[in-house]
Structure formats: structure tokens, C-alpha cells
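The values are calculated or read from the model by the stated rules, or taken from the named source; none is laboratory data. No experiment lies behind these values; they were computed from the predicted model shown. Backbone-built Cβ (ideal geometry, glycine too); neighbour counts: all protein chains shown.
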Amino acid sequence: MQTNAKEAALQEEFDKAFHEYKEKRIVLYGAGLRTAMIMPVIKGKYNVVGLMDRGAENIGRLYYGLPILSKQDAENSADIIIINTAESYWGTIYDRICEMKTPIFFADGSRAQKRIKRNEELKYWEENRDGLKARVSGYPVVSFDLYDTLIERRLTAPMDVFSLLELAAGKKIMNTRRQAILNLGENYDFEELYDEMKAIDQTISRRDWEWIKSLELLIEAEVSAPRKEMISLYKDLMHDGKELYIVTDMYLPKEFLMELLGRYGIKVDEGHFIESGYIKKSKSSGALWEYFADSILSGRKAVHIGDNEKSDVDMPIRYGIDASYIMNGTEMFKNSSLCEIEGLEGTCLDMLIKGLIKSRLFNNPYVLNESRGEVIIQQKKDFGYCVWGPVILSFLQWVIENAVQDDIEVLLFAARDGYFIYNCFEYMCKEMAGEISLKGKYLAASRRAANVAAIQNEHDFKEVCKLPYIGCFADFMEDRFEVSIDQAAGKETINISEDYDKVLEMIKPYESLLRSEIGKESRNYRRYLKSVCGIQRCAIVDTGYTGSIQNSIQKLLENTVQGYYFYANLSCSNSNLKRIKMKACFQHEDDKQAAESNVYRRLHLIESFLTAPHGMVKYIDDFGQVVCNEAGKNQQYFKAREIMNDGAKEFIHDYLKICKNVKMKALNCNPLFIDKLFGIIMDNCKFSEEIKEIFYREDSFLRREEVKIF
């Protein structure tokens, strides 16, 4: 095959940068078109031992005859690692692998350097939509780029479409696609691409290729979303009588793209939709702009709006067309206070999570300008979508997967933390239309209700007394045991951690009252538990941490109860593990106390959000009714939490809709990826006062006090 000019230039560039490393063992990071183009030089002159790529699912697969290596394998095998991608990805990729001990280089031969910081000095931060409109209003002809300008993919990168396609199709087609693109060169349309893929891989039937082709369009439609500010500008300019064009480097069918635009209210004449794949001229090479200037503008003044500084700005200007740059979501991520997220690696479903957040936060290309790149979440629903949505989705996926493996029939979502988790579980069951066979129930539970009801002997009683409490003795007796004593006699302040032995002495005059109350609560709570779950195999779902509620409920039911938690103490210091089985979602297997868990690090915030419209459950009365403490500050702001929870459900909907409609074989993201993502967001985002004012820390089992978290 004859080498084209672009391939020759890349090969010469690589040879110039790395000729002194010919004897070294080399691993290339990047399995895309750039690597394919330099392979003729690489295979002949250099000792390339493997490749690296973002997707963990690709490890072990062969591309261009070379294996995709894990980080550890690459460290063991290579003398140097070369990030062989377009320059715009260098910083992102280096952030992912910078901890590796092997020397890392960028594709131009320079030693890689870490770059994770918000860019506060961008000139772009001075711009806004009104300024853009005023500027382009002086031109009779205005053209727009398509992807990342008028519409966007709710994904981390365009290549993620093909990872989702491969997962949905259940067939390994990425390598075939890369080879087809290499064979076709720079400009090709959708039909030509699939004809070439069919010719390369004839083990897949023509019928299956047609199905895969239609599946790709379905995925493209599902992941697409309008960039609302830019579509609004387009409509304003249309109303003003401007002659509008859409100019795009794209291969997808024109009729598909025009139909997609129609969904978002964009009307464009077919003759005003100019696509590189069908006229065989690209923006990036300049050929399309030369055609646009000569054949369409014919000397008229025009301005183009787009997100690529080369193909949407430099190239049109070269051919006498003015241009205005708007930032796409990926670049906004890179230049924002959340730039660290760009370095997070994961499966294609993890990348979908990241893409949904990117689209939600950065749909408006000017949203960061006032804060100069600092991400500030203003709306409660956005907080629910971006912060809680991924956490709750991944937790429920993990719970369901484990419950099926453990042969569980009923999930008991423990009050009050389980209120919103249960609500989201029910929502997921509805969204997945019968695919989840598990039953869920909201369980009136608390350390106060369960631990007191489970007291069977003096040892149990002392263990409940030993739990921390700070306050006056009379409040302690009422809060912990529902025993009222004379306030004057009980006014002395106690701190259980210091006064435990003294408190045991102070309790003695009230032993008969305590015995009566504990006996009554035990009978009523045991009866309540059996009415909720009977003899079915059940599991507690809660936030964490030692499983004391699970232990008490298992004792009362006299049956094994599994426990599924956000985080948990799984170390030998947790005596409950002698009796119960606990699993934790957001912590590594060897992190027994969740010390490295970002979710656990923010446990007060999580437990403040995951509350219910009622106060802490105290006990079950003689009529089977749940008796609770008075509502507190978190309940005062409960409506705000419902709005946040609606945002989380909207996130679950978007994720499941993309996966469900293309019939994904695997739906689950990685909880440990979500834990990292959550940590970065919480450490690098700011939140509006409207959001911060609703979070209080309170636990009347331990003390009568409510403290603001922010």
C-alpha cells in the first residue's frame, strides 16, 4: 500500500524523535490510527514489545500483532513508554500513568511531565455567549461545526462509541475498524467504512455486519445531546435572517445527522449541510474550506464557529473565512478544577459515567468563564446528578450482583440511610422492566431500636450502655432506653467514654423499669421483623460501619442475615464479624477499615443526605406502629433532598437508557472507579450556599445536637 503524506510525516517525526532508542524495549501508549500509521517504521527498525490502551478490557488482546499490556506488565517489559497519540491527549494520558517507574515520553520525543492543575489564565475565560453573538452578527453567512459545538456525545472521547458498540455487539471489531480507517485514508463515508470492514473480517456474516451498522447508529443517537447555548445561538441567527451552514468532518450518514438535529429543533437545508465524508474533502487538511470559500461563499464575508482550534479556526482563516472558537466539554474538563478526572482510567461503562457528568457540567461552553475554571455546582438537581447519581447507581448494581450470587430473596433497606437508596432501587427495578427479581423493603431500624430490642442478657445490656453518649443522665435514659426519670435527679452531665462505670451505678435504681421496657421493645420488634421478611433469605442494605444493626436483627430473627454496605469495618477489630457476614462496596479488598475509601472519608455528608422524612426510629409500639424522634434540621430541608434524589434518578435513567436500548450484555460500572471519581469531585468542586445549607450531622442515639457539615 502506498504511503500517503500524513503517514510519511508521522513516520519521519517518530524516527527523528526516537532514533537513539532503537535498541531499547519500547511500549507505545495508544492503539489508534496514529500507531497504525507508523507501524511500517516501527516494525522494521524498533524493538516494540507491546502497546498500552485506556480500556482495561483490552488487556491481552492483539493490535497490529502486538499485545495490549497492563501497567505492571509494561513496567516489567519496557525500557521506555511513548505516548503515541495526538498532542491534545498527552497530558490526560500521562496523568493516568505518571506513577509508573519506567521513563515516559511524549510523541515528539520530550520527556513527559505532570500537568494536573486548573488553568486560570486562559484568555477564553474573558468571553461569553453575548459577545460571540455580537461578533458573528456582522457577517451575512455563519457556519457551525457539528459535534462538540451544536451537539455532543455524552462520552469521554469519540472512540468510546466504538467500545460501547463492541460491548453491545459481543464481537471484537475495534481492530477491524482501525485497519479499515487506515486503508480508506482521511475521507470516507459510513457505507464505505462498513464495506471495508466486511472485506477485512469475513468471519462475521454480512447479515451481522448490517446489524452492527444499525447498532452503531442507535448508540450514536442515544449518547447524543444538544449543546443548548449553541443551539439557541443558531436559532437566534436563523431568526435574524443569517445564511447558516453546518460544516463537519464526519462519516455518519447525512440523513441520520439531519434527523438528529431535527430532534433539537435545528432546521438546515441539505445543501447547507457540508460533510467531509461525502464530498471527500476535510476541514483538517483545509480542502473543505477551500471548497467552501470558492464554491459557496464566492467572495462573501463569513464566520465559522467551532471547537477545534486547528480545523475550526486556523484552517478557515487561512482561506479568508473568519472564525470563533468555543470550548468543548473535554477541553473544559482539562482546564477546570476537575482536570484530575481526565486521568481516570476504567472500562467503557466507567467512561460513560464520566461522559454523562462532563455533559451535565459543561454543556454550556461558557459556564466556567466567570469562575475562571473553577467548577461550582449551583443547582440541587445537578448535585444529585453528578455527585450522588454515580454513587447510588454503582452501589445498587453491586448490591444486586452480590445478592443474586448469595441467593438473597429480600433486600432490607435500613432506615434512615436506606430511604433514598430504596427509592432509587425501586426506580431501577421499574426502569429495567422485570429484569431484577429481588424484592426490596424499607426497614424501620436504628442502633437504638435494634440494639435495645436485641438485649438478651446482662452482657448485651452493658454493650448497649457502653456506646458513646454525651449529655445529661436523664436524657441518656430517655434517648437510649425510653425510660423517663426525674429531671432534677438526672441533671448530671455524663460522657460514657469517661463515666461508664459511674453510669452503670446510676442506672441501678431503674433496673425494673429498664427490664420491662426492653422486654416490651424486644417482643414488638421481633414481631415487626417477622411481618416484614418472614422466613425469606434477606440482607440488610445500609451505609456502614460495624454491622451492629445487622447483628441485632440476625439475633432477633434467629436466622442468617447478609449485610451490604457502602463501607465497613472488615478487620479483626470488629467483633461482630464472628457472627455476621458483611460486604463493602467502595473499598479495596485489602483496605479492611475503609481508610482509603473516598466515600467513607465523606461519611458525614453521605449520611446527612441519605436520611428520611422522619426522625430516628426509636422503637415499635404495642400496635405495631413505628415511633420516631422528632424531625430535625435534615428533615426541615427534606424537599431539597428529594430534588437531589430526582437528579440521581435522572442520572440512573440516562445511564440505563443508553445501555438498555442497545441491549448491553454487561451493565455494571466499577465501584472503585466511582469512589475515585467521587473523591475528586468532592475535593475539587465548590457548591452553592443553597446546597451547603441543607447538610447537618445528627445522631440522637449519641447526643442531642445538630452540627452543620459545611
* Residue tally, condition under 40 Å from the mean Cα position of the chain (by Cα) and without any contact (Cβ under 8 Å) to a residue 60 or more places away in the chain, over region 447-474 -> 1
* Kindly check whether there is at least one residue in region 200-209 that is of a type in the set (S, T, N, Q), under 24 Å from SER276 (Cα atoms) and not in a helix (DSSP H, G or I). => no
* Filter region 239-256 down to residues that are part of a strand (DSSP E or B) and among the hydrophobic types (A, V, I, L, M, F, W, C) and give me whichever is surrounded by the most Cβ atoms within 10 Å (Cβ to Cβ). => VAL247
* Structure fact -> If we ask which residues in region 180-224 are within 25 Å of GLY329 (Cα to Cα), of a type in the set (A, V, I, L, M) and surrounded by 19 or more Cβ atoms within 10 Å (Cβ to Cβ), their number turns out to be 2
* Would you please name the residue that is surrounded by the fewest Cβ atoms within 10 Å (Cβ to Cβ), looking only at residues in region 65-83 that are in contact (Cβ under 8 Å) with a residue 40 or more places away in the chain and outside any helix (DSSP H, G or I)? => ASP79
* Report the residue count in region 358-372 for those that are of a type in the set (Gly, Ala, Ser), in contact with a Phe, Trp or Tyr (Cβ under 9 Å, 6 or more places away or on another chain) and assigned to a helix (DSSP H, G or I). => 0
* To do: Answer yes if at least one residue in region 231-245 is among the polar types (S, T, N, Q), at negative phi, out of contact with any Leu (no Cβ under 8 Å at 6 or more places or on another chain) and at pLDDT below 95, and no otherwise.
  => no
* Asked: Restricting attention to region 132-154, does a residue exist that is surrounded by 14 or more Cβ atoms within 10 Å (Cβ to Cβ), among the hydrophobic types (A, V, I, L, M, F, W, C), out of contact with any Leu (no Cβ under 8 Å at 6 or more places or on another chain) and touching a residue at least 40 places away in the same chain (Cβ under 8 Å)?
  -> no
* For GLY434, state whether it is surrounded by 12 or more Cβ atoms within 10 Å (Cβ to Cβ) and not in a helix (DSSP H, G or I). => no
* Residue check: is ILE436 free of Cβ contacts under 8 Å to residues at least 60 places away in the same chain, in contact with a helix residue (DSSP H, G or I) (Cβ under 9 Å, 6 or more places away or on another chain) and of a type in the set (Val, Ile, Thr)? -> yes
* Are there any helices (runs of 4 or more DSSP H) wholly within region 455-553 with 2 or more residues that are of a type in the set (Gly, Ala, Ser) and farther than 30 Å from PHE609 by Cα, and if so which? -> 511-533
* Structure fact -> Going through (1) touching a Gly at 6+ places or on another chain (Cβ under 9 Å); (2) farther than 26 Å from ASP654 by Cβ; (3) surrounded by 21 or more Cβ atoms within 10 Å (Cβ to Cβ); (4) touching a residue at least 40 places away in the same chain (Cβ under 8 Å) one by one, MET315 fails only at (4)
* To do: Output the number of residues of region 199-217 satisfying the condition of being among the aromatic types (Phe, Trp, Tyr) and more than 20 Å from CYS659 (Cβ to Cβ).
  => 1
* Any chance you could count how many residues in region 534-585 are without any contact (Cβ under 8 Å) to a residue 60 or more places away in the chain and over 31 Å from the mean Cα position of the chain (by Cα)? => 16
* To do: Check whether at least one residue in region 607-614 is over 27 Å from GLU431 (Cβ atoms), modelled with pLDDT of 90 or more and not in a loop (DSSP other than H, G, I, E, B), and report yes or no.
  => no
* In region 386-403, is there at least one residue being hydroxyl-bearing (Ser, Thr, Tyr), in a helix (DSSP H, G or I), in contact (Cβ under 8 Å) with a residue 40 or more places away in the chain and within 28 Å of GLN536 (Cβ to Cβ)? -> yes
